[in-house]
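Single-structure report; data block below.
The values are calculated or read from the model by the stated rules, or taken from the named source; none is laboratory data. Everything numeric here is computed off the predicted structure, so don't read it as measured data. Backbone-built Cβ (ideal geometry, glycine too); neighbour counts: all protein chains shown. Surface areas here come from the heavy atoms of the whole protein model, side chains and all, with no ligands, DNA or RNA. Shrake-Rupley method; radii C 1.70, N 1.55, O 1.52, S 1.80 Å.
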Amino acid sequence: MATLKEKIEQLKEEISSYKQNSAEEIEKFRLKFLSKKGEISELFDQFRTISAEEKKELGQMLNQLKQTATEKYNTLKDNMAAAKENSKKEDDLTRPSYDLDLGSRHPISLIRNEIISIFGKIGFSVAEGPEIEDDDHVFTKLNFAPEHPARDMQDTFYINENVLMRTHTSPVQAHAMEAAQGKPIRIICPGKTYRRDDDDATHSHQFAQVEGLVIDKDINIGHLKSTLELFAKKMFGEKREIRLRSSYFPFTEPSVEVDISCANCGGKGCSMCKGTGYIEILGGGMVHPNVLKMNGYDPEVYSGFAFGIGIDRTAMLRYGIDDVRKLYTNDVRFIRQFKKMS
Ligand code: DAH
């Protein structure tokens, strides 16, 4: 026959592995272990019959066993009550709804909205144009001659000889000038653009730009410079400075490329700016007289400036993104990081 000590150990094992969860099973547990006629009471009866020396050791074990059984019983009861409460909630159609896990704005949208807000404060309104365009608006009306090599600067997705995916947002300039019919213009045009590029860390066949166009009397390159300086400081910080380098675009003369002083080293030169102290952010210039003429403005009376900002590039510089493909592969772990900024 098992000794008292063995029986205590056996019951302890049985109690701790007890897993039933229905109300009847819990009641059975109470009857079996904790009631007056239960097994633990029986062991207490047996306890009275043993020697004083054994009582010293087994008394403590027996008390502990009773405590373990009581705690187990309470836990089973609590779990049961919680489960019941939950299932009641599920049935209650008047309960408050679960929190919706709201998404975050995409970094491209964040930057686009910020650009709209910066230029909005100095009087620019937003214009849009089609992504599927004709050759006229994408090239001809922007002073690209039919065989001009500058057309090769942009690898184009053609739908047919005359219809294509726009390679830049500049065609919105031509649409805006047609619509304004010789009146002053001050617009920015955010939108998607397409080029037949092989995707890699710095190229994407689809990307986003913001075009800017101002046409009025007495507009000069000082206006372009101060406008872009304001943009650079608002987007990248008050300490940033800009630098204009002369460049070439068919639709502007003179044309410039605009660099900002490197945020990482403040202009001293580091690996981010490849030792130059500056990072290129956009292109711009004074609207070419041919473009003004072709789109209904007298270049003797009107002048203007234009610029094109890469939204992807701005987002990459602003948020320290090292691969443009991260903006387009929609990995939610990447996008969720922008939740705080939405
Ligand atoms: N369209 C040019 C591009 O995609 C960017 C650009 C440069 C736009 C100069 C402009 C400009 O309006 O004046 O590379």
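Using Cα atoms only, what is the angle between the long axis of helix 171-180 and the major principal axis of the chain, expressed in degrees (0 to 90) to the nearest 10?
With rounding to tens, the tilt is 60 degrees.
Work through the residues other than residue 300 whose Cβ is under 11 Å from its Cβ and net out their charges, Lys, Arg +1 and Asp, Glu -1.
+1
If packing is taken as the average number of other Cβ atoms within 10 Å across a peptide's residues, how do 110-117, 157-164 rank, most packed first?
110-117, 157-164
If you look at just the Cα atoms of the chain, how large are its Rg and its Dmax in Å?
Considering the chain through its Cα atoms, Rg and Dmax are 37.7, 121 Å.
Enter the per residue convex hull volume of the stretch 1-66, computed from alpha-carbon coordinates, in Å³ rounded to the nearest integer.
Taking only Cα atoms, the stretch 1-66 has a hull volume of 84 Å³ per residue.
So if I take the centroid of the Cα atoms in the stretch 262-335 and the same for the stretch 113-158, what is the distance between those two points in Å?
Rounded to whole Å, the Cα centres lie 14 Å apart.
What's the carbon and sulfur percent of the chain's accessible surface, probe 1.4 angstrom, rounded to a whole number?
After summing per-atom areas, the C and S share lands at 50 percent.
What order, most packed first, do the peptides 252-263, 174-185 have when packing is the mean number of other Cβ atoms within 10 Å of each residue?
Descending mean neighbour count gives 252-263, 174-185.
How big, in percent, is the set of alpha carbon pairs in the stretch 297-342 lying more than 12 Å apart?
72 percent
What is the projected area of the convex hull of the Cα atoms of the stretch 173-277, averaged over all directions, in nm²?
Here the figure is 8.5 nm², rounded to one decimal.
In a shell of Cβ-Cβ distance under 15 Å around residue 166, excluding residue 166 itself, what net charge do Lys and Arg (+1) and Asp and Glu (-1) give?
-4
Averaged per residue, what accessible surface does the stretch 164-301 expose to a 1.4 Å probe, in Å²?
Per residue, the stretch 164-301 has an accessible area of 46 Å².
Of the listed peptides 69-81, 200-212, what is their order by residue-averaged count of other C-beta atoms within 10 Å, with the highest listed first?
Taking the mean over residues of other Cβ atoms within 10 Å, the ranking is 200-212, 69-81.
Round to the nearest 10 and give me the degree value, 0 to 90, for the angle of helix 221-236's Cα axis relative to the longest principal axis of the chain.
The angle comes out at about 10 degrees.
Run the numbers for residue 148 and residue 54: contour at 0.36 nm per residue of separation, minus the present Cα-Cα distance, in nm.
23.1 nm
What number of lysine-lysine pairs in the stretch 23-75 show an alpha-carbon separation below 15 angstrom, given a sequence spacing of 8 or more or placement on distinct chains?
The number of close lysine pairs in the stretch 23-75 is 7.
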